[in-house]
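Novice: One structure coming up, written as structure tokens, with questions to follow.
The values are calculated or read from the model by the stated rules, or taken from the named source; none is laboratory data. These numbers were taken from a predicted model, which means no experiment stands behind them. When we count neighbours, we look across all protein chains shown, and the Cβ atoms used for this are built from the backbone with ideal geometry, even at glycine. For accessibility, only protein heavy atoms count, side chains too; no ligands or nucleic acids. Shrake-Rupley method; radii C 1.70, N 1.55, O 1.52, S 1.80 Å.
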2 protein chains.
Amino acid sequence: MLFKKLLENNNKWFSGKGSHSDIIISTRVRLARNIEGYPFPWKSALFAKRDILDKVKDAVHKIQYINDAWFIKMDTLGAVDKQFLLERHLISQEHTRSVKGKGLVLSGSEEFSIMINEEDHLRIQVIAAGFDLNRAWLFINKMDDELSKHLPFSFSPELGYLTACPTNVGTALRASCMLHLPALVLTKNIDKVLELLSKLSFTARGLFGEGTQAVGNFFQVSNRATLGLSEKEIIDNLSGVVRQVKEQELTSRQALIKKHRHTFEDSIWRSLGILRNCRLISAKEAFSHLSMLYVGVDLGIIKEVDRSTINNLFIIVQPAHLQKIEDKVLKEEERDYIRASIIREHLKGGRYV
Amino acid sequence: MLFKKLLENNNKWFSGKGSHSDIIISTRVRLARNIEGYPFPWKSALFAKRDILDKVKDAVHKIQYINDAWFIKMDTLGAVDKQFLLERHLISQEHTRSVKGKGLVLSGSEEFSIMINEEDHLRIQVIAAGFDLNRAWLFINKMDDELSKHLPFSFSPELGYLTACPTNVGTALRASCMLHLPALVLTKNIDKVLELLSKLSFTARGLFGEGTQAVGNFFQVSNRATLGLSEKEIIDNLSGVVRQVKEQELTSRQALIKKHRHTFEDSIWRSLGILRNCRLISAKEAFSHLSMLYVGVDLGIIKEVDRSTINNLFIIVQPAHLQKIEDKVLKEEERDYIRASIIREHLKGGRYV
């Protein structure tokens, strides 16, 4: 029921809507919170974790704004279910493992979620389409206020919010934007940009956060520091740097069009040709062609496909999504076949030609 | 004028018509002849070669069947012109070099031609679409008879026809069929087939005959021996072996469909996708995708493209053809761009999208 509803959800963060969504796919803000009187999850007994689960559930039910939230115990989910939530960026890798006592609160729109007993007692997340840091921050702030009415969060006047890992202490705020940077990758300017980001205390990660590779030319740019800056400063700094990276990407796109127009357009059109005709395709290859197609649509080279179609494909071509769509467990070759069929269907290349 | 007419010619050997033309693209028969009282071309003075040119021209004009023949002096042609004739298999590489005193007789349909002062005084060629050895042989035989009424051919009762190279002495007949063998190549069974052909005294060469590589999975299979066998035996033996190779190719295709259906179909459809969408493509890459497309059409996997379209593309995507079509000299990158445009146009992928 949950998964069926999620598959039909049209307001999701990867809808291709929102401002600057030609390059800035989505915005994410998360807060780490812990509840006084309980040890951090990593040294917590199961009964204590279950206590936390109950407390968070009760607190969420008391918040008026959220009347359509799902409450999920992670140990009730199968492997494909957990993978599915991970593919939608609703939980972390960490949250799919050692699931006893772990939980998830998820609003119907997927915009708001809480991982319970991940690294901290609560990892509150707001995720939105496009470039929307201020609204996301206001929203999460409000949720934090509401929750704090019912949950006594561990807070030190000197250090700020206390967290399981010292790198999060302070605001315990991490904000990030997912950027699509194919031209910076093609022109090999990406390394300079990543180096600069690192010097400015920002982190750039792959599609699935910490420890993952850049697939499909997506980069998640986030703040590194959580201590010594106000929440407003963190949001403003990230906002500034993301705008700059976007400008760099636009400059690289213009350079490609000016100097290598035919080669660039050739790559874009070939990607469309392959996606519309393939009968077998891996997720990795699909991502790479979808990325070229995305930039082709942004630049007006390809007019017959819309951005939301491509964004949706980025999500649904992933293994667990394919299995949820087909409602059965699929082996790798079966997935490659179904993936190709679904891509053709969405790009009007014909599903069962 | 000649080139314009050739470009518009619909009855050419690569029309995709003729029997067995799913696999046997074309049939070629050639006779080497020399005229008594003149040294072979390689040791002949220019005035003697010019004598030969005149004699052959006069003889051709006396043949009633051929009333639409062009007579071309090779030294009047530019580099692109010669390359164009080579790409159409109407002359040899050898005939494009040291052109003084060399000539070409070419019937309007391209079916009949004579290279004058190539390795021998006359290299008479009949080329036809599909598998048509008997008719081609009857036709060239008749032409040989007609020409011999006006030209005293060097002939020894013991050795047969005398030729510049001893390997041609005897019947001086070489017959060949051009086969399209993608499945034998994909299944790597081609090596066994080529080895067997060699043992049986047949030669398999690439698309442009002697010393050329197999491009686009095309193989020219021809007789090696010209001495010790009658013309009929040569034709019959070749006919038998070509039918066998065709059977092998069909068996390999069925094996591919049975064991690797998805992978095989994926390659075929991707080739169509790339050809219909590319903006830059080399001749070599185009040949390889056209070859996959050809087999896809033969197997009924692709229904929207016809064989003659693909065969025509195999010819016109070549460098000199592109330059004749555009009527100007083109650099390599320009050719890659024009080639892609022309392919899209012919495969209804849109020329100027």
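Novice: Beta carbons within 10 angstrom, averaged per residue: use that to sort the peptides A:172-182, A:263-273, highest first.
Specialist: Numbers: A:172-182: 25.1, A:263-273: 22.5.
The most tightly packed comes first, giving A:172-182, A:263-273.
Novice: Another one. What is the angle, in °, between the Cα long axis of helix B:332-346 and the longest principal axis of the Cα atoms in chain B? Nearest 10 is fine, range 0 to 90.
Specialist: For B:332-346 against chain B, the angle is about 70 degrees.
Novice: For a distance above 25 Å, tell me the whole-number percent of Cα pairs in the range A:46-178 that qualify.
Specialist: 23 percent
Novice: Using each residue's phi in the range B:31-40, evaluate 6.51 cos²θ - 1.76 cosθ + 1.60 at θ = phi - 60° and report the 3J(HN,Hα) Karplus result to the nearest Hz, with x for Gly and Pro.
Specialist: Ordered by residue, 3J(HN,Hα) equals 10, 9, 9, 10, 9, 4, x, 10, x, 4 Hz.
Novice: Taking 25 Å as R0, compute the FRET efficiency from the Cβ-Cβ separation of B:GLU334 and A:GLN254 and round it to 0.05.
Specialist: After rounding, the FRET efficiency stands at 0.60.
Novice: Within 10 Å of each Cβ in peptide A:264-271, how many partner chain Cβ atoms are there on average? Round it to a whole number, please.
Specialist: 6
Novice: Okay, moving on. Which of the listed residues, A:MET74, A:ASN237, A:ASN10, is farthest toward the dipole's positive end in chain A, when Lys, Arg count +1 and Asp, Glu count -1 at the beta-carbon?
Specialist: A:ASN10
Novice: Still on this model: Once amide H atoms are placed 1.01 Å from N in the peptide plane, what residues at a sequence separation of 5 or more from A:ILE35, or on another chain, have their amide H within under 5 Å of its amide H?
Specialist: A:HIS121, A:SER154
Novice: Ok, one more. Write down the radius of gyration of the range B:125-223 and its Dmax, each obtained from C-alpha positions, in Å.
Specialist: Using the Cα atoms of the range B:125-223, the pair Rg, Dmax is 16.3, 52 Å.
Novice: Which ³J(HN,Hα) values, rounded to whole Hz and listed in residue order, are derived for the range B:78-91 from phi using the Karplus coefficients 6.51, -1.76 and 1.60 in 6.51 cos²θ - 1.76 cosθ + 1.60 with θ = phi - 60°, glycine and proline given as x?
Specialist: For the range B:78-91, the Karplus curve yields x, 4, 5, 4, 5, 4, 4, 5, 5, 4, 8, 6, 9, 9 Hz.
Novice: Right, another one. Work out how much length A:ILE315 to A:ASP327 would gain on full extension: take 0.36 nm times their residue separation and subtract the Cα-Cα distance, in nm to one decimal.
Specialist: 2.7 nm
Novice: Then there is this: Distance between Cα centroids, the range B:32-81 to the range A:29-56: provide it in whole Å.
Specialist: 97 Å
Novice: Once Rh is set to the Kirkwood radius over Cα pairs, what Stokes-Einstein translational diffusion coefficient, in µm²/s, holds for the range A:260-346 at a temperature of 37 °C and a viscosity of 0.692 mPa s?
Specialist: Answer, rounded: 250 µm²/s.
Novice: Ignoring ligands, DNA and RNA, what accessible area per residue does the range B:156-211 give at 1.4 Å, in Å²?
Specialist: Accessible surface, normalised per residue, equals 47 Å².
Novice: Per residue of B:278-286, count partner chain C-beta atoms within 10 Å of its C-beta, then hand back the mean as an integer. Display every interim value, and only then the final one.
Specialist: Numbers: counts 6, 11, 8, 2, 0, 0, 0, 0, 0.
Average per residue, whole number: 3.
Novice: What is the magnitude of the charge dipole of the protein assembly as shown about its Cα centre, with +1 placed on the Cβ of each Lys and Arg, -1 on the Cβ of each Asp and Glu, and no other charges, expressed in debye to the nearest 20?
Specialist: Computed about the Cα centre, the dipole is about 160 debye.
Novice: Compute the whole-percent fraction of alpha carbon pairs in the range B:2-249 spaced more than 27 Å apart.
Specialist: The share of Cα pairs beyond 27 Å in the range B:2-249 comes to 34 percent.
Novice: Return the lysines within reach of B:LYS258: Cα separation strictly under 22 angstrom, same-chain partners fewer than 8 residues apart disregarded; answer none if there are no such residues.
Specialist: Result set, ordered by chain and number: A:LYS331, B:LYS188, B:LYS192, B:LYS246, B:LYS303.
Novice: Rounded to whole Hz and in sequence order, give me ³J(HN,Hα) for the range A:247-256 from the Karplus expression 6.51 cos²θ - 1.76 cosθ + 1.60, θ = phi - 60°, writing x for Gly and Pro.
Specialist: The phi angles translate into 4, 4, 4, 4, 4, 5, 5, 5, 5, 4 Hz.
Novice: Also, quick follow-up: Distance in nm between label sites at B:GLU345 and A:LEU2, each 7 Å beyond Cα in the beta-carbon direction?
Specialist: Label at B:GLU345, label at A:LEU2, 5.8 nm between them.
Novice: Using the Cα gyration tensor of the range B:223-299, with a ≥ b ≥ c the square roots of its eigenvalues, what is the shape: rounded (a/c below 1.5), prolate (a/b larger than b/c) or oblate (neither)?
Specialist: Note, shape of the range B:223-299 comes out oblate.
Novice: OK, next. Using a 1.4 Å probe on the protein chains only, how many percent of the accessible area of the range B:260-346 belongs to carbon and sulfur? Don't skip to the answer; put the middle values down first.
Specialist: Details: 1500 of 3240 Å².
Of the solvent-accessible surface of the range B:260-346, carbon and sulfur hold 46 percent.
Novice: Could you pull out every one of the aspartates and glutamates with an alpha carbon less than 19 Å from that of A:LYS259, ignoring same-chain neighbours closer than 8 positions?
Specialist: Hits, sequence-local ones excluded: A:GLU247, A:GLU249, A:ASP298, B:GLU332, B:GLU333, B:GLU334, B:ASP336.
Novice: Between B:GLN93 and B:ASP145, what is the label-to-label distance in nm when each label sits 7 Å out along the Cα-to-Cβ direction?
Specialist: Distance between the two pseudo-spin positions: 3.7 nm.
Novice: A:GLN220's amide H: which non-local residues (gap 5+, or another chain) put their own amide H closer than 5 Å, with H modeled 1.01 Å from N in plane and none for Pro or chain starts?
Specialist: Here the answer is A:LEU179, A:ARG205, A:GLY206, since their amide H atoms fall under 5 Å of that of A:GLN220.
Novice: Right, here's the next one. Tell me the distances, shortest first, between A:ILE257 and the same position across the other copies, using label points 7 Å along Cα→Cβ, in nm to one decimal.
Specialist: Spacings between copies for this position, smallest first, are 4.6 nm.
Novice: Still on this structure, I have one more. With 51 Å as the cut-off, how large is the P(r) tail for the protein assembly as shown, expressed as percent of Cα-Cα pairs?
Specialist: Of all Cα-Cα pairs in the protein assembly as shown, 36 percent lie more than 51 Å apart.
Novice: For the range A:104-150, compute Rh as the Kirkwood radius over C-alpha pairs and then the Stokes-Einstein diffusion coefficient at 25 °C and 0.890 mPa s; write the answer in µm²/s, rounded to an integer.
Specialist: Once the numbers are plugged in, D ends up at 218 µm²/s.
Novice: To continue, here is another question. Under a cut-off of 29 Å between alpha-carbon atoms, report the lysines in cross-link reach of B:LYS62, not counting same-chain residues fewer than 8 places apart.
Specialist: Reachable lysines: B:LYS4, B:LYS5, B:LYS12, B:LYS43, B:LYS49, B:LYS73, B:LYS82, B:LYS100, B:LYS102, B:LYS142, B:LYS149, B:LYS232.
Novice: Another one. If you average the C-alpha positions of the range B:242-278 and of the range B:137-151 separately, how far apart do those two centres end up, in angstrom?
Specialist: That distance is 41 Å.
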